[in-house]
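Colleague: Have a look at this one before I ask anything.
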Amino acid sequence: MSSESSPAGIALDGRIRSWADDVIAADPDGISSDGESDTALMLRVRDGDREAFRRLVTRHVDRIVGLARRVVGSAEADDIAQDVFLKLWARRSQWEPRTGAFRTWLYRVALNQCIDWTRKRKTVPLDGTPEVPDHADGPMEICDAHETAARVRAAVQKIPERQRIAITLYYHEDLTAAQVATIMDLNLNAVESLLKRGRKSLRVLLG
Amino acid sequence: MSPKQFRLLIDTLGADVAKWPPDQRAAALALLSESADAQDVLRRAVAFDGQLRTPEPGLSPDRRASLVDNIMKRLDDDRDP
């Protein structure tokens with residue numbers, strides 16, 4: 001746990017935990033249009049149910065590819081996503097519904113995988129990562145969306161890794177600071193500091 | 001809440017007041033209701049947040065299906081990736 005002071009003076013350590021727990025507990029845990037929650041699917045996955053796992057992967061693969069694009073880069077995103085889900089399957093017996101929302105666990109595994117890839121890669125420049133063509137929308141929408149997303153991605157990849165992860169989880173994945181703290185295993189003050197420094201850097205980079 | 005405190009919260013937690021600590025929201029909304037400067041700060045922060053929230057382009061159905069199939073085929077690999 002970091003001992004950094006809160007840049008916003010938002011909360012004292014004594015009450016951070018309960019606020020964070022409340023936020024995590026309020027997470028809807030990915031109840032999809034098919035009516036079955038991530039938790040329900042994961043309970044079946046834990047028993048070796050491959051069809052339930054296929055549904056979980058299908059439900060979350062876009063999210064994990066997008067996260068990997070932001071944190072590591074486009075060229076590696078598909079491979080990272082595959083490794084993340086294979087790791088989930090290999091470790092399915094370790095998952096306990098009481099330990100937190102499935103998405104929290106998924107993000108933790110994904111970010112550890114992203115960090116591993118970044119460290120293995122060592123000196124590959126991030127800024128010039130080529131776009132992998134893949135089009136779910138029409139040509140005009142693709143052009144605009146790709147241009148903006150690529151610009152933001154390039155800027156995010158220029159800031160330090162922990163700031164990049166905090167910013168990506170908070171803004172791109174729309175998590176709360178408390179959820180980011182839980183996933184990154186940091187206290188709330190440390191996450192707020194990362195968010196503040198990351199936002200300041202990105203304001204300069206994005207003009 | 002002072003304008004300085006408001007700006008500090010924006011700089012730290014962005015423009016989505018719903019993601020601020022509950023005990024800060026009411027004070028922020030009160031300031032916003034009476035301060036044109038605070039409203040201007042929030043407007044600019046909302047625009048910047050919009051950039052940061054830009055979604056990554058989604059996978060096409062074919063590519064998603066291919067990724068899912070590849071993962072399912074590799075479930076019995078011994079190694080932990």
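Colleague: Test A:D62 against the criterion of being more than 15 Å from the chain's Cα centre (by Cα), at pLDDT 75 or above and not β-branched (V, I, T), and give yes or no. Give the derivation first.
Modeller: Values: more than 15 Å from the chain's Cα centre (by Cα): no; at pLDDT 75 or above: yes; not β-branched (V, I, T): yes.
The answer is no for A:D62.
Colleague: Given the structure, is B:R25 within 22 Å of the chain's Cα centre (by Cα), more than 7 Å from chain A (Cβ to nearest Cβ) and exposed (fewer than 13 other Cβ atoms within 10 Å of the Cβ)?
Modeller: Details: within 22 Å of the chain's Cα centre (by Cα): yes; more than 7 Å from chain A (Cβ to nearest Cβ): yes; exposed (fewer than 13 other Cβ atoms within 10 Å of the Cβ): no.
No: the conditions fail for B:R25.
Colleague: Scan the range B:25-70 residue by residue and report those that are without any contact (Cβ under 8 Å) to a residue 24 or more places away in the chain and small (G, A, S).
Modeller: Answer for the range B:25-70, where residues must be without any contact (Cβ under 8 Å) to a residue 24 or more places away in the chain and small (G, A, S): B:A26, B:S33, B:A36, B:A47, B:G50, B:G58, B:S60, B:A65, B:S66.
Let's see how each residue does on (1) at negative phi; (2) modelled with pLDDT under 95; (3) loosely packed, with under 12 Cβ neighbours inside 10 Å:
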| position | (1), (2), (3) |
| --- | --- |
| B:P21 | yes, yes, no |
| B:Q39 | yes, no, no |
| B:V46 | yes, no, no |
| B:D49 | yes, no, no |
| B:E56 | yes, yes, no |
| B:R64 | yes, no, no |
| B:I71 | yes, no, no |
| B:R79 | yes, yes, yes |
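Colleague: Residue check: is A:E76 at pLDDT below 95, closer than 20 Å to B:D62 by Cα and more than 12 Å from every other protein chain (Cβ to nearest Cβ)? Break it down into steps so the answer makes sense when it comes.
Modeller: Values: at pLDDT below 95: yes; closer than 20 Å to B:D62 by Cα: yes; more than 12 Å from every other protein chain (Cβ to nearest Cβ): yes.
Taking the combined requirement at face value, the residue satisfies it.
Colleague: Does the range B:8-15 contain at least one residue that is outside any helix (DSSP H, G or I) and within 15 Å of the chain's Cα centre (by Cα)?
Modeller: Start the filter on the range B:8-15 by keeping residues that are outside any helix (DSSP H, G or I), which leaves B:14-15.
From what's left, within 15 Å of the chain's Cα centre (by Cα): B:14-15.
Yes, some residue in the range B:8-15 is outside any helix (DSSP H, G or I) and within 15 Å of the chain's Cα centre (by Cα).
Colleague: Select, from B:A18, B:A30, B:A45, B:A65, the only residue that is away from chain A (no Cβ under 11 Å) and among the aliphatic types (A, V, I, L, M).
Modeller: B:A30
The values are calculated or read from the model by the stated rules, or taken from the named source; none is laboratory data. Source: prediction; values computed, not measured. Ideal geometry is used to build each Cβ from the backbone, glycine not excepted, and the neighbour counts take in all protein chains shown.
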